[in-house]
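Notes to accompany the following structure.
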Amino acid sequence: MPRIVALDVGDATVGVAASDELYVTANPVTTIRRSKSVKADLRAVEELLEELDACRVVVGNPLDLQGEEGIQARKVKDFTDRLVRRLRIPVVLWDESLSTSDAESALIEMDISRKKRRKVIDQMAAAVILQSYLDSGEFRNA
């Protein structure tokens, strides 16, 4: 069954989350460690998207608090543009404001140790991004 997949793209990792089949809930999936090769990173993401039967990709857009694009947002946009050229499914940039801090708060609330939090924070941030997108209903209008 096709799923919507979210990516939290960082310099060192890419957090991945996927929706359920009904597009109601977002679930953390994995964290991809970035390599020195963007092509290899894109290939790893593409393979995972295929494995998850992704029908749409939501990429967290790290705008600053004023809604402006900073250095990290430009890096994410470059990665996203390159990913779009490789895929045949829609790719959407989605405001990820505070997704990492929201994910961190949720993990602390669940009493997850600091060491374990470091391992899952990126995929949890991707789940926060995806849940925001699913809750918006934006995908129904596409």
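The values are calculated or read from the model by the stated rules, or taken from the named source; none is laboratory data. Note that this is a predicted model, so its numbers are computed, not measured. Virtual Cβ from ideal backbone geometry, glycine too; neighbours counted across all protein chains shown.
Observations, loosely collected:
- Breaking point among (1) within 14 Å of the chain's Cα centre (by Cα); (2) of a type in the set (D, E, K, R); (3) closer than 11 Å to Leu130 by Cβ, for Asp20: (1)
- Of the residues in region 52-65, not one is touching a helix residue (DSSP H, G or I) at 6+ places or on another chain (Cβ under 7 Å) and among the acidic types (Asp, Glu).
- All positions within region 60-71 that are free of Cβ contacts under 8 Å to residues at least 60 places away in the same chain and assigned to a strand (DSSP E or B): Asn61
- Subset of region 18-42 that is closer than 21 Å to Arg82 by Cβ and touching a Ser or Thr at 6+ places or on another chain (Cβ under 9 Å) - its residue that is surrounded by the most Cβ atoms within 10 Å (Cβ to Cβ): Thr31
- Residue count for region 31-69, restricted to those that are among the hydroxyl-bearing types (Ser, Thr, Tyr), more than 14 Å from the chain's Cα centre (by Cα) and closer than 14 Å to Val9 by Cβ: 1.
- Summed over region 1-14, residues that are within 8 Å of the chain's Cα centre (by Cα) and either without any contact (Cβ under 8 Å) to a residue 40 or more places away in the chain or more than 13 Å from Phe79 (Cβ to Cβ) (or both) total 2.
- Considering (1) at pLDDT 95 or above; (2) touching a Phe, Trp or Tyr at 6+ places or on another chain (Cβ under 6 Å), the lone condition that Ile89 does not fulfil carries the number (2).
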